[in-house]
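Contents: one structure, followed by commentary.
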Amino acid sequence: MSIETIKIEGIPSAVSRIGLGTWAMGGAFWGGTDDSQSIAALRQAIEQGINLIDTAPVYGFGHSESVVGDALVGLRQQAVIATKVALDWDSEGKIVRNSTPARIRAEVEDSLRRLRTDYIDLYQVHWPDSLVSIEETAAELEKLRQQGKILAIGVSNFSVEQMEQFASVAKLSTLQPPYNVFERGAEYDLFPYAQKNNLVVLAYGALCRGLLSGRMQGTTTFAEDDLRSFDPKFQSPRFAQYLAAVEELTQLAQERFGKSMLALAVRWVLDNGPTIALWGARRPEQLRGVDEAYGWKLSAADIADIDAILAKHIPQPIGPEFMAPPHRQG
Ligand code: NAP
């Protein structure tokens with residue numbers, strides 16, 4: 001199976017169109033984690049040709065980055081590390097946005113240390129901070145790029161207007177919005193902007209936090225500190241509606257393509273724009289199905305049939321806004 005790749009401006013290696021998402025490896029918000037399994041999953045990813053590894057300081061409050069750093073010892077040159085900046089947290093784990101130049105300068109050093117590297121391939125502003133001008137944040141990242149500490153710059157959870165402001169000061173290569181068959185807000189304005197400006201879209205939540213895995217049932221429950229215990233899609237009556245859509249999509253994937261639900265969900269993301277689908281995993285066996293998503297295409301008729309299934313089962317789609325972190329008090 002040949003791997004599909006994409007070019008990100010500023011990064012010399014070709015980047016795999018399926019990236020490994022490592023939020024759950026941090027443990028917090030995912031009901032805990034097992035580092036030896038996470039390390040095995042990271043090494044398995046590299047072995048399978050998944051070179052893009054997406055992490056963030058806030059994932060497990062440094063833990064996800066440290067695990068990535070440990071797993072990539074001896075493998076750094078084979079990986080494209082994407083991490084983030086501009087969230088802060090206190091000793092109780094309360095998270096706030098913080099894009100001040102001082103925070104950025106401190107965070108980049110912490111990330112480099114935890115990741116055990118002297119450069120970050122892709123450095124992304126995690127969420128916009130309304131208390132700092134976008135231009136000031138962009139200028140700070142541009143300085144890091146010129147110093148060689150980061151190779152390329154991205155933003156996450158930004159609007160088109162915010163990206164325009166950012167790009168007036170710094171060279172922007174990527175954006176990272178939520179995007180999957182159930183969360184499609186990005187395709188209306190962010191995708192056209194990305195296409196026009198030659199930006200790559202790192203689609204987060206491509207598996208809709210496991211809802212598109214085919215593993216979930218109406219009886220599935222989650223630990224108290226697992227974000228799915230308060231994710232509105234996983235609550236009644238919506239959970240049943242989303243699961244009914246998944247059941248029919250699973251049937252379509254199997255009957256029409258001989259593929260799994262996961263492969264269909266990821267293929268859909270890959271066929272809708274200049275994307276990389278982030279596949280969140282924390283155990284090596286969760287990556288077994290990745291190769292199935294490569295090497296085929298959905299037609300316009302397939303995409304229309306998928307739209308009809310969504311419209312039939314989900315009368316009132318709900319977005320992932322519940323994940324947005326608060327602003328600092330000014
Ligand atoms: P996701 O990729 O939509 O779903 C991940 C979950 O799907 C896994 O934790 C796992 O659940 C389940 N899964 C994965 N492979 C599976 C398999 N083979 N069989 C059954 N279930 C499987 O969720 P995500 O981790 O939130 O998103 C992906 C990545 O996007 C993150 O890791 C992070 O890097 C990035 N992200 C970025 C932002 C942002 O603001 N920029 C926000 C969210 C996510 P279980 O392990 O529980 O079984």
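Take A139 and tell me if it is over 21 Å from the mean Cα position of the chain (by Cα) and touching a residue at least 24 places away in the same chain (Cβ under 8 Å). So that I can check it myself, show each step before the final result.
Numbers: over 21 Å from the mean Cα position of the chain (by Cα): yes; touching a residue at least 24 places away in the same chain (Cβ under 8 Å): yes.
In short, yes.
Could you please tell me which pairs satisfy a Cβ distance under 8 Å, a separation of 6+ or placement on different chains, a first residue in region 1-28 that is open to solvent by 60 Å² or more (accessible area, probe 1.4 Å), and a second residue that is among the hydroxyl-bearing types (S, T, Y) and not in a loop (DSSP other than H, G, I, E, B)?
I3/S16; T5/S16; W23/S64
Quick check on Y242: is it among the aromatic types (F, W, Y), at pLDDT 95 or above, part of a helix (DSSP H, G or I) and within 15 Å of the ligand (Cβ to nearest atom)?
Values: among the aromatic types (F, W, Y): yes; at pLDDT 95 or above: yes; part of a helix (DSSP H, G or I): yes; within 15 Å of the ligand (Cβ to nearest atom): yes.
Here the answer is yes, as Y242 does meet what is asked.
Does V58 satisfy the criteria of being touching a Phe, Trp or Tyr at 6+ places or on another chain (Cβ under 8 Å), assigned to a strand (DSSP E or B) and either surrounded by fewer than 21 Cβ atoms within 10 Å (Cβ to Cβ) or among the β-branched types (V, I, T) (or both)? Walk me through it before giving the result.
On the way: touching a Phe, Trp or Tyr at 6+ places or on another chain (Cβ under 8 Å): yes; assigned to a strand (DSSP E or B): no; either surrounded by fewer than 21 Cβ atoms within 10 Å (Cβ to Cβ) or among the β-branched types (V, I, T) (or both): yes.
In short, no.
What do you reckon, is E187 touching a residue at least 12 places away in the same chain (Cβ under 8 Å), of a type in the set (D, E) and crowded, with 17+ Cβ neighbours inside 10 Å?
Values: touching a residue at least 12 places away in the same chain (Cβ under 8 Å): yes; of a type in the set (D, E): yes; crowded, with 17+ Cβ neighbours inside 10 Å: no.
Considered against the rule, which asks whether it is touching a residue at least 12 places away in the same chain (Cβ under 8 Å), of a type in the set (D, E) and crowded, with 17+ Cβ neighbours inside 10 Å, E187 comes out as no.
Restricting attention to region 297-320, does a residue exist that is within 9 Å of the ligand (Cβ to nearest atom) and either open to solvent by 20 Å² or more (accessible area, probe 1.4 Å) or in contact (Cβ under 8 Å) with a residue 12 or more places away in the chain (or both)?
Within region 297-320, the subset within 9 Å of the ligand (Cβ to nearest atom) is 320.
Retained after the next criterion (residues that are either open to solvent by 20 Å² or more (accessible area, probe 1.4 Å) or in contact (Cβ under 8 Å) with a residue 12 or more places away in the chain (or both)): 320.
Yes, some residue in region 297-320 is within 9 Å of the ligand (Cβ to nearest atom) and either open to solvent by 20 Å² or more (accessible area, probe 1.4 Å) or in contact (Cβ under 8 Å) with a residue 12 or more places away in the chain (or both).
Quick one: D271 ticks every box in (1) open to solvent by less than 50 Å² (accessible area, probe 1.4 Å); (2) acidic (D, E); (3) within 15 Å of the ligand (Cβ to nearest atom); (4) under 22 Å from L190 (Cβ atoms) except a single one, so which number is it?
(3)
Within region 19-28, is even one residue near the ligand (Cβ under 10 Å from one of its atoms), assigned to a strand (DSSP E or B) and of a type in the set (S, T, Y)?
The first filter runs over region 19-28 and keeps only residues near the ligand (Cβ under 10 Å from one of its atoms), leaving 19-26.
Next, from what is left, pick out any that are assigned to a strand (DSSP E or B): 19-21.
Of the ones still in play, those that are also of a type in the set (S, T, Y) are none.
Checked against the condition, which is being near the ligand (Cβ under 10 Å from one of its atoms), assigned to a strand (DSSP E or B) and of a type in the set (S, T, Y), region 19-28 yields no hits at all.
Looking at region 280-296, I want the residues that are over 20 Å from F29 (Cα atoms) and have a partner that is polar (S, T, N, Q) and in a loop (DSSP other than H, G, I, E, B) with Cβ atoms under 8 Å, at least 6 apart or on another chain. Which pairs are those?
L287/Q48; G289/S260; V290/Q48; D291/Q48; E292/S260; Y294/S2; G295/S2
Taking region 29-56 as the search range and keeping residues that are near the ligand (Cβ under 8 Å from one of its atoms) and under 11 Å from the mean Cα position of the chain (by Cα), which one is farthest from L75 (Cα to Cα)? So that I can check it myself, show each step before the final result.
We begin by selecting, within region 29-56, every residue near the ligand (Cβ under 8 Å from one of its atoms); these are 30-31, 54-56.
Restricting the remaining residues to those that are under 11 Å from the mean Cα position of the chain (by Cα) gives 54-56.
Details: D54: 15, T55: 16, A56: 19 Å.
Per the stated criteria, the residue is A56.
Right, E255: free of Cβ contacts under 8 Å to residues at least 40 places away in the same chain, away from the ligand (no atom under 12 Å from the Cβ) and more than 28 Å from T55 (Cα to Cα) or not? Before the answer, list the steps.
Details: free of Cβ contacts under 8 Å to residues at least 40 places away in the same chain: yes; away from the ligand (no atom under 12 Å from the Cβ): yes; more than 28 Å from T55 (Cα to Cα): yes.
It is true that E255 is free of Cβ contacts under 8 Å to residues at least 40 places away in the same chain, away from the ligand (no atom under 12 Å from the Cβ) and more than 28 Å from T55 (Cα to Cα).
So, in region 33-55, exactly how many residues are open to solvent by less than 30 Å² (accessible area, probe 1.4 Å) and either closer than 13 Å to G19 by Cβ or not polar (S, T, N, Q) (or both)? I'd like the intermediate steps shown before the answer.
Filtering region 33-55 for residues open to solvent by less than 30 Å² (accessible area, probe 1.4 Å) gives 38, 41-42, 45-46, 49-55.
Still in the running and either closer than 13 Å to G19 by Cβ or not polar (S, T, N, Q) (or both): 41-42, 45-46, 49-55.
The number of residues fulfilling the criteria is 11.
For region 106-126, how many residues meet the condition of being open to solvent by 10 Å² or more (accessible area, probe 1.4 Å) and more than 25 Å from A324 (Cβ to Cβ)?
Going through region 106-126 one residue at a time, the tally reaches 7.
Does region 209-223 contain at least one residue that is surrounded by fewer than 17 Cβ atoms within 10 Å (Cβ to Cβ), part of a helix (DSSP H, G or I) and in contact with a Lys or Arg (Cβ under 7 Å, 6 or more places away or on another chain)?
The answer is no; no qualifying residue exists.
The values are calculated or read from the model by the stated rules, or taken from the named source; none is laboratory data. Values in this document were obtained by computation on a predicted structure and should not be read as measured data. Counting neighbours? That spans all protein chains shown, and the Cβs are built from the backbone with ideal geometry, glycine included. The accessibility values were calculated without ligands, DNA or RNA, using every heavy atom of the protein model including side chains. Shrake-Rupley method; radii C 1.70, N 1.55, O 1.52, S 1.80 Å.
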